[in-house]
Amino acid sequence: MANWKLALPAVFALMLAGGAGSPALADDAAPAAGPAQSAQPPARAKAADDSSSGVTLRLQYTGEAAYNTGGLHDGGTYLNNIDAQLGVDAGRVFGWTGGKFLFEGFYNNADSLNGRYVGAFQDPSAIDTEEGSLFRLYQAYYEQKIGGTNLLFGIYDLETEFAVTKPMDIFFNGEYAWNTALDASGQNGPSTYPNTSLAFRVRQRISSDWSVQAAVLDGAPDSTKYPNSNAITFSGVNGALLIGEVDYTPTRTTKVMAGYWNYTGQFDAINQTNSDGTQREVFGSRGGYVGGATRLYSPGGHRGLDVFANLGIAGSTTNEINGSFNVGLTYTGLLEDRPQDKFGIATGVAQAGNAYKQAQIAAGDRVSSYENNFEVTYRAPINDWLTVQPDIQYWIHPGLDPSRKNDLLLMLHFEISHLFDL
């Protein structure tokens, strides 16, 4: 952790310096606006683009053919996801200015790349559910803009708006797509793919550069007992997830963010027992993150080289992962005649909490303090309906288990999608 604390201020200073001379044109440092422009699965995408009718339907098929060596098991597999996303502009359809509905569901096949082959905390695939085949409603919410205030209520994926920057969106590994310390938290994870919660989110624009957002969500998304079922359960055991974030976006290519999260529910205290030998339980689990992105070089237009870095922390009493750090580079338009292509390279580390390490040692298992990952990827939109993306990932100590072989994963990801104006 000490090395992270030394490195992070230098990275943020570079981000601010890089952004200082950039024109404020758009929000290139913000998350991508739609699944056709993002390596994230459709379930993690924002609503479809506006249309003349005000009602749009995006259908997308995502496939991933992969071959793995090391980790849990050598071998190849194929994952697929079918997603349907319906967007309704409430202003055009109902006259509710600034309003928008989004409904989304997906089907995912039964195989698991991470659960069967890799076995890592920094999971390798954007569509792997690790829960067998799933068919479910994924997002269903209403969003309302009122001046500088934006309100949202419904079933909602945190990863579409919190702890993300746009240069991260081409990566498949969970360490770069989001934040492993946050992603590994909670009783059933936080509200993100494939399990989502009922939520209320508010975002407030303070100035042209500054904004804040906060959300309150059901503390245990869906059902821990029946993973194939959608569920909304309010109880003292589940509690709530509270999360807040402050964003500084001085230019279209620069974003610096800081966030804090806190579960109010009941958790097992790792490696702690009561006097009678039963598992000790505590209320509350918390953590935070800082991160950002900026453009380092641009030959013109939207082409250019971006850098991102993120640090996440979590309490080790209730979390197996108590820290994560990533840094990466994304080049948009590396080839002049292919300005929409994106090339990315990133590295990240997940740190084991002390309580988790002590529990593993007490059980007679070996444990590593860190799991390291590297990813190289190239995203190529072939036309307006097909995108192809080869991807290479490598892990050192996958699953924090030094007895496992280091893991090499070769993957070909593709998307077939179409946006219908209804």
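Observations
- Note on the chain: percent of Cα-Cα distances in each 20 Å bin, starting at 0 and stopping at the bin with the largest distance, equals 26, 62, 12, 0.
- Straightening the chain between Ser403 and Leu296 buys 34.5 nm, computed as 0.36 nm per residue apart minus the Cα-Cα spacing.
- Rg to Rh quotient for region 264-312, alpha carbon positions, Kirkwood Rh: 1.47
- Each principal axis of the Cα cloud of region 142-271 was taken in turn, and the coordinate range along them, longest first, works out to 45, 32, 27 Å.
- Tail beyond 25 Å, pair distance distribution of region 277-397 (Cα, percent): 45 percent
- If the Kirkwood radius is taken over C-alpha pairs of region 286-338, then at 25 °C and 0.890 mPa s the Stokes-Einstein diffusion coefficient equals 187 µm²/s.
- Taken over region 197-311, the ratio of Cα radius of gyration to 2.2 N^0.38 Å equals 1.47.
- Comparing Gly115, Gly301, Gly87 in a Gaussian network model of the chain, where Cα atoms under 10 Å apart are tied by springs, the biggest mean-square fluctuation is seen for Gly301.
- Within a Gaussian network of the chain (alpha carbon springs, distance under 10 Å), most fluctuating of Val237, Val164, Val256: Val237
- Charged side chains reduced to their Cβ positions (Lys and Arg at +1, Asp and Glu at -1) give the chain a dipole of some 760 debye around its Cα centre.
- Cross-link pairs exceeding 26 Å between alpha carbons, from the set Lys145/Lys342; Lys145/Lys255; Lys145/Lys225: Lys145/Lys342; Lys145/Lys225.
- Here the extension length gained between Arg366 and Ser208 equals 51.8 nm, from 0.36 nm per residue of separation less the Cα-Cα distance.
- Within the listed set Asp337, Asp169, Asp384, the residue fluctuating most in the Gaussian network model of the chain (springs between alpha-carbon atoms under 10 angstrom) is Asp337.
- Modelled label positions at Tyr226 and Glu336, each set 7 Å beyond Cα in the direction of Cβ, lie 6.1 nm from each other.
- Residue order for Ile170, Ile206, fewest other beta carbons within 10 angstrom first, comes to Ile206, Ile170.
Where a number appears in this text, it was derived from the coordinates with a stated rule and is not lab data. Here the structure is a predicted model, which is why all the values come from computation and not from measurement. Positions of Cβ are generated from backbone atoms using ideal geometry, with glycine treated the same way; all protein chains shown enter the neighbour counts.
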